[in-house]
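*Asks:* I'd like to ask some things about the structure below.
Just so it is clear, none of the values below were taken in a lab; they were calculated from the coordinates. Computed from a prediction, not measured in an experiment: that's the story for all the values here. For neighbour counting, all protein chains shown are included, and Cβ atoms are generated from backbone atoms with ideal geometry for every residue, glycine included.
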Amino acid sequence: MGGGGGFGQSEPMQNNRRIARLLLATLVVAGSALVAEAGIKSERLLAAIIERTPAPRLVAEGTQLKTAEQFAATLPRAHALWGIGRSMEPLYAPNTAVVVKPIAYDDIKKGMTLVYRKANGRLVAHSVIGEDGRGYIVQGVNNDEADEVSVNERNIVGVIAAAYSANNGGFHQMIAAANNTNAKTVAMR
């Protein structure tokens, strides 16, 4: 990548890394209890998730999905989904709208949050924690165990490209504020 930021990285990439470091430090220092309670306990894995999963942007209550739909319209084949459940807390609160865009299967990396379709048709958004012979192993940040289903080329819907939340309390506000520059549902259970 070109640009004027050292080590061949563009300014936006450096800003994303700064935000990721800030969020990781906050998780480690101020959020020790959150890490202890969260299903994913590895600080390294949480750091990868924070780095490769977009932090939610704060928007006014009731505008989350509309804002996500407007952004999705600017990306090829992207769409907005309404997040329900608590499996992605503290990263995503319930009622966070997410923008999902297609991703080449070989471009998936540990820490990305993918949306996949279960056999019953339900959409699920969880973060990549590894690989196995069936595909990518995913887990909700707040879940104690990985999903039974691996994400593969047959069930992947896409990767989360953006998120919009009206939750302005506690950790959710801190995450969204750190990255704030300015229907269908997906289970986060």
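*Asks:* Do me a favour and compute the ellipsoid semi-axes for region 53-187 from its Cα gyration tensor, root of five times each eigenvalue, largest one first, whole Å.
*Replies:* They are 23, 16, 13 Å, listed largest first.
*Asks:* How would you rank LEU75, LEU45, LEU114, going from fewest to most other Cβ atoms within 10 Å of each one's own Cβ?
*Replies:* Listing LEU75, LEU45, LEU114 from fewest to most nearby Cβ atoms yields LEU75, LEU45, LEU114.
*Asks:* Related question: Assign one of three labels to region 55-120, namely rounded, prolate or oblate, based on the Cα gyration tensor with a ≥ b ≥ c the square roots of its eigenvalues; rounded applies when a/c is under 1.5, prolate when it is not and a/b is larger than b/c, and oblate otherwise.
*Replies:* The shape class here is oblate.
*Asks:* With r defined as the distance between the Cβ atoms of ALA60 and ARG117 and R0 fixed at 30 Å, what FRET efficiency is calculated, to the nearest 0.05?
*Replies:* Given R0 = 30 Å and the Cβ-Cβ separation, E is 0.45.
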